[in-house]
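Contents: one structure, followed by commentary.
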Amino acid sequence: YFRNGLSKTSVQNVYTSPITGEPTITVSTPLFDPGRRRIGVLAADLDIGRIDRIVLDRSGLGVTGETYLIDPEHRFVGESLVGREAFAASAGSQGIDAALAGTDGTGRYPNYAGRPVLGVYRWLPDQDLALIAEMSEAEALAPARDLAAVIGLIGVLSAVLLTAGVWFVTRRVTRPILDLAGTATQVAAGDLEVRAPVRSKDEVGVLATAFNGMTEQLQETLHGLEARVGE
């Protein structure tokens, strides 16, 4: 940052500070005296906490979502990440390795802590950093599971309603026919007093009415024959 700051204002990409040993971003700019002679370089380290507040914003990422920056040495850039047990070693995952290799993409993979996540990764060439956004697989797929449950429930209810509808229609159609068939069997056995129930005015009802009329005519004919025989 000193060499770059000799001629112009410059922002150095993340590097390991020789003073703190932590990832650091330094801004430097030349200093001139009233005669426009360069007399030094002014340098200041950016507030990593401010970067945290921007990068770690979870808006739209639910409860388990997180975003973070990784430098080319596989180290996390951000105060809130440094020192965590999960970040003690060099960070690595499919998303991190792909982004550091200069690849942008999405995927389903175990994150730096070994937890299954859905992730989006980007390489930021101007900053020499990888930007990763991830959400736990369970939370990311929860809406799909809920939708599948709703669809399954609708399917079950539809099947029940369809079965009930088929049973109702079948019963309404077949019961009069069965009643008529039973009446015909009784008439064939000699019981001319029985009548088929007329439950509707449709074709089956008309058939039952006609059958009853035929049975009455047959009964009257037999009574007439019996009367003649009696004379």
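Extension gain for R108 to S200 (0.36 nm times residue separation, less C-alpha to C-alpha distance): 26.8 nm. Rounded, prolate or oblate: which fits the chain when a ≥ b ≥ c are the square roots of the eigenvalues of the alpha-carbon gyration tensor, with rounded for a/c under 1.5 and prolate only if a/b beats b/c? In terms of gyration-tensor shape, prolate.
With a Förster radius of 22 Å, plug the Cβ-Cβ distance of A101 and I19 into 1/(1 + (r/R0)^6) and report the FRET value to the nearest 0.05. E between A101 and I19, to the nearest 0.05, is 0.10. Stretching the chain fully between R175 and A227 yields a gain of 14.9 nm (0.36 nm per residue, less the alpha carbon separation). Among L31, L218, L131, the largest mean-square fluctuation in a Gaussian network model of the chain (Cα springs under 10 Å) belongs to L218. Modelled spin-label separation between K8 and Q219, with each label point placed 7 Å from Cα along the Cα-to-Cβ direction: 11.5 nm. The value of relative contact order for the chain, using C-alpha pairs under 8 Å at least six residues apart, is 11 percent. Comparing S93, S136, S200 in a Gaussian network model of the chain where C-alpha atoms under 10 Å apart are linked, the largest mean-square fluctuation is found at S200.
Taking Cα atoms, how many degrees apart are the long axis of helix 137-188 and the longest axis of the chain, rounded to 10 and kept between 0 and 90? Long axis of 137-188 versus the principal axis of the chain: about 0 degrees. GNM remark for the chain: springs join alpha carbons under 10 Å apart, and the peak mean-square fluctuation among A44, A98, A189 falls on A189.
Just to confirm a number: summing +1 for Lys and Arg and -1 for Asp and Glu over residues other than T215 whose beta-carbon lies under 14 angstrom from that of T215, what do you get?
In short, -4.
All of the numbers you see were taken from the coordinates with simple rules; none came from a lab. Model, not experiment: these values are computed from the prediction. Please note: Cβ atoms are built from the backbone with ideal geometry, for glycine as well, and neighbour counts cover all protein chains shown.
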